[in-house]
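The values are calculated or read from the model by the stated rules, or taken from the named source; none is laboratory data. Since this is a predicted model, take the numbers as computed values, not measurements. Note: ideal-geometry Cβ built from the backbone for every residue, glycine included; neighbour counts use all protein chains shown. SASA here: full protein model, heavy atoms, side chains in, ligands and nucleic acids out. Shrake-Rupley method; radii C 1.70, N 1.55, O 1.52, S 1.80 Å.
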Amino acid sequence: MNSRAWMRISINGSPTYTRMHTSTNDDQDLGYPSGDASWTDELRPTEQRPDALAYARQLAGVSRIGISGIEVEVFVNGERA
């Protein structure tokens, strides 16, 4: 049994339309497995954020170990970020 919390963020798209799918085993944000959850956001350019892909990358950040110890993996158009 894996007792480590994780989050996977997969970003696919372009500046004009981007889908960001997130899944985790720490839906309570406790730093350890507390339940599975997943969701998808669809992003389009706005006047304030003209590049949907850049905005998704800003929201997701890069692959890392978070302050609570959660392992965060980010992929952009199939490549690890």
Just the number, please: carbon plus sulfur as a percent of the accessible area of the chain, 1.4 Å probe, no ligands or DNA/RNA counted. 49
Can you give the percent of C-alpha pairs in the chain whose distance is more than 15 Å? 56
Compute the length gained on full extension between Asp51 and Trp39: take 0.36 nm times their separation in residues and subtract their Cα-Cα distance, giving the result in nm to one decimal. 2.2 nm
Take each of the peptides 41-54, 6-19, average the number of other beta-carbon atoms within 10 Å over its residues, and list them starting from the highest. 6-19, 41-54
Only helical DSSP H runs with n ≥ 4 go in: add -39500 (n - 2.57) per run for the chain, normalise by residue count and round the 222 nm mean residue ellipticity to 500 deg cm²/dmol. -3000 deg cm²/dmol
The chain accessible area per residue, 1.4 Å probe, protein heavy atoms, integer Å², reads 65
Difference of contour (0.36 nm per residue) and Cα-Cα distance, Asp27 to Ser3: 7.2 nm
